[in-house]
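Read the figures in this text as sums done on the coordinates, not as results from a lab. Only a predicted model underlies this, so the values are computations on that prediction, with no experimental measurement involved. As a convention, Cβ positions derive from the backbone with ideal geometry for all residues, glycine included, and neighbour counts pool all protein chains shown.
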Amino acid sequence: MKKVLRVVLALLLGLIGAAYLIPAEAHVERSTEIAAPAAVIFPYLNDLKKFGEWQPWLRRDPTATQIYADQTEGVGASYTWSGDPKVSGSGRMSIVESEADRRVRTHIEFEGQGDAFAEMTIEPTETGSHVTWSFEVNAGMNPMRRYFNLAMEKFLGADYEEGLASLKTLVESLPAPAPEPEVAPPAPEPVAVPSPAEGSDGSGAAEGSAAAEGSAAAEGSAAAE
């Protein structure tokens, strides 16, 4: 019996020791092309309620519940979820960084399983946008979480591909925005052109009257003589 216990203990110690040969950090990343501008895509990353319309996990778990904070958009927005431990689990997600039409970074706290960060970026292309969704986690000195990191690429990668496919379908099915109405340029204001008579101060008329009076007086004087 003691021999068996020694073997079991040696195996456990070996597994724990081997865990520290596995990198503590894990990174998963997936991308897709979406035929839409960044301004159309960004609200579905920066608004947690809109994020819920395309992320894959809660759609798989009909028992899951979500509670949103008063703020659901931009830095400081957050929500908590609770569902089947085998499907969606429980936890909290909050937005910690946000750059309009470019990037959103979130902090995810998994109940009883540590935390991680996720980031979604948008880069403009000739046909629309290149969207990347990444996940990074540090298992620290926890040997079980280090073993879990080995499967992260396979399982989380598939989830990210599914989520991005849903985002692409959702955004590309949106109605095209109505074109902005053309605004006619203002008509030029009429410019008054002065007539030749305008601008006279009446001196010509006065001079003519004076000349006429002088001529009449001269004629009267000659007649009197």
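Using just the alpha carbons, could you tell me how many Å³ per residue the convex hull of the stretch 25-172 encloses?
Numbers: hull volume 15.2 nm³, N = 148.
About 103 Å³ per residue, rounded to a whole number.
Evaluated at 20 °C with a viscosity of 1.002 mPa s, what Stokes-Einstein diffusion coefficient in µm²/s does the stretch 89-143 have when Rh comes from the Kirkwood expression over alpha-carbon pairs? Intermediate results must be reported in sequence, preceding the final value.
Details: Rh = 12.8 Å.
After rounding, the answer is 168 µm²/s.
Taking R0 as 30 Å, what FRET efficiency do you get between LYS49 and GLU25 from their Cβ-Cβ distance, rounded to the nearest 0.05? Numbers along the way, then the final one.
On the way: r = 31 Å, r/R0 = 1.03.
The computed FRET efficiency comes out at 0.45.
Under the 0.36 nm per residue contour assumption, what length would be gained going from the current alpha-carbon distance of ALA39 and SER134 to full extension?
Between ALA39 and SER134, full extension yields an extra 32.2 nm.
Provide the gained length on full extension for the span VAL191 to LYS154, in nm with one decimal, where the gain is 0.36 nm per separating residue minus the Cα-Cα distance. Kindly include the intermediate steps, with their values, before the conclusion.
On the way: separation 37, 0.36 × 37 = 13.32 nm, distance 7.58 nm.
Gain in length upon complete extension: 5.7 nm.
So, counting K/R as plus one and D/E as minus one, what does the shell of residues with Cβ under 11 Å around THR80 add up to? All intermediate terms of the calculation are to be shown ahead of the outcome.
Numbers: positive: ARG92; negative: GLU109, GLU111.
Once all neighbours under 11 Å are counted, the net charge is -1.
Given the Cα-Cα distance of GLU73 and ALA100 and 0.36 nm per residue of separation, how much length would full extension add, in nm?
Numbers: separation 27, 0.36 × 27 = 9.72 nm, distance 1.13 nm.
8.6 nm is the gain from fully extending GLU73 to ALA100.
For the residues VAL131, VAL171, VAL87, what sequence is obtained by ranking on other C-beta atoms within 10 Å, fewest first? List each step's numbers first, then the result.
Values: VAL131 24, VAL171 20, VAL87 13.
Sorted ascending by nearby Cβ count, the order is VAL87, VAL171, VAL131.
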